[in-house]
Amino acid sequence: MRACWWALLVCLLLSACASRQPPLVVERSLSGDGPSTHTVSAGETLYSIALRYDSDYHELARINGLDANYTIHPGQRLRLRGTTTPASSASVKPAASVKKPADKVTNPANKAVTKSPGIAADKTLVVKKPVPVPDSSPNVTGQSRASASLAWGWPSRGAILGGFGSNGVTGKGLDIAGRRGDSVLAAAAGTVVYAGTGLVGYGKLLIVRHDDNYISAYAHNDQFLVKEGDRVKLGQAIAEMGASGTDREKLHFEIRERGKPVDPMRFLPAR
């Protein structure tokens, strides 16, 4: 009798195995194509959208037919890849405020910065409160192998917690240790083109445009000391370090070349 039960059990097991379908395996690229469009939210700029998708803002402007000011509007749908769209059909203009990124910076850090003719005449480019340049400025390098026209300096003096090429957001730049309230310094002269919290994983984020090729990003700030449109100098305090969007006080710092993350150690001087 026991032998019959064992035989029946074996038959049931074999039947179950035969009827079970193999699991569906979906192979995903680590980079992936991602979405093909992006709907603009209030507070976003073309620069923050480009950073979100590791894209070049010049390319996004080109394929969406944007004007020279890179003007976008909440509710507008941007194509993230494709061919050029005529400017006349590129934008939809809901009733919402428009954020205009400031003009590019071409002045070296050691020269006076003047207002560009491309900036609207009624826009006052001042910081929220007086921001002193530290008496002992960080180490800087006069030229970078990648961009001889820019001088770069460290955005913070803390120890490096995570380097370029590691996993997650950290791998797109450097994680630098510090304490809440420590000064975050502009790594090169430029114009603030984004100050907000619209990117998941970055907390309170500043983006500074340096020239047509380079922008830098400063994440997890506690508070900003500058606003969009402000011109900043190399070594100027632009934010206070915090833990926004992360688990500890630190600065996440990135340099983007034509939209792609590059190793900041190629640009920053030796300590």
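The values are calculated or read from the model by the stated rules, or taken from the named source; none is laboratory data. Note that the coordinates shown come from a computational prediction; the quantities given were computed from them, not determined experimentally. In this analysis, Cβ positions are derived from the backbone assuming ideal geometry, glycine residues included, and neighbour counts consider all displayed protein chains.
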> Is it the case that region 213-228 has a residue that's touching a His at 6+ places or on another chain (Cβ under 8 Å) and assigned to a loop (DSSP other than H, G, I, E, B)?
Replying inline: no
> What are the pairs, 6+ residues apart or on separate chains, where a residue within region 41-62 that is closer than 14 Å to Arg256 by Cα and touching a residue at least 60 places away in the same chain (Cβ under 8 Å) has its Cβ under 9 Å from a residue that is among the β-branched types (Val, Ile, Thr) and assigned to a helix (DSSP H, G or I)?
Replying inline: Ser55/Ile49; Tyr57/Ile49
> Restricting attention to region 148-161, which residues are touching a Lys or Arg at 6+ places or on another chain (Cβ under 9 Å) and without any contact (Cβ under 8 Å) to a residue 60 or more places away in the chain?
Replying inline: Arg157
> What about Ser183, is it surrounded by fewer than 18 Cβ atoms within 10 Å (Cβ to Cβ) and either under 19 Å from Pro269 (Cβ atoms) or of a type in the set (Gly, Ala, Ser) (or both)?
Replying inline: no
> Would region 193-209 turn up any residue that is modelled with pLDDT under 95, surrounded by fewer than 17 Cβ atoms within 10 Å (Cβ to Cβ), out of contact with any Leu (no Cβ under 6 Å at 6 or more places or on another chain) and aliphatic (A, V, I, L, M)?
Replying inline: yes
> Residues in region 165-214 that are aliphatic (A, V, I, L, M), over 17 Å from Ser55 (Cβ atoms) and touching a helix residue (DSSP H, G or I) at 6+ places or on another chain (Cβ under 6 Å): how many?
Replying inline: 1
> Based on what the data block shows, is Gly162 surrounded by fewer than 20 Cβ atoms within 10 Å (Cβ to Cβ), touching a Ser or Thr at 6+ places or on another chain (Cβ under 7 Å), modelled with pLDDT under 95 and not basic (Lys, Arg)?
Replying inline: yes
> Does region 243-259 include one or more residues that are crowded, with 22+ Cβ neighbours inside 10 Å, of a type in the set (Phe, Trp, Tyr) and under 15 Å from the mean Cα position of the chain (by Cα)?
Replying inline: yes
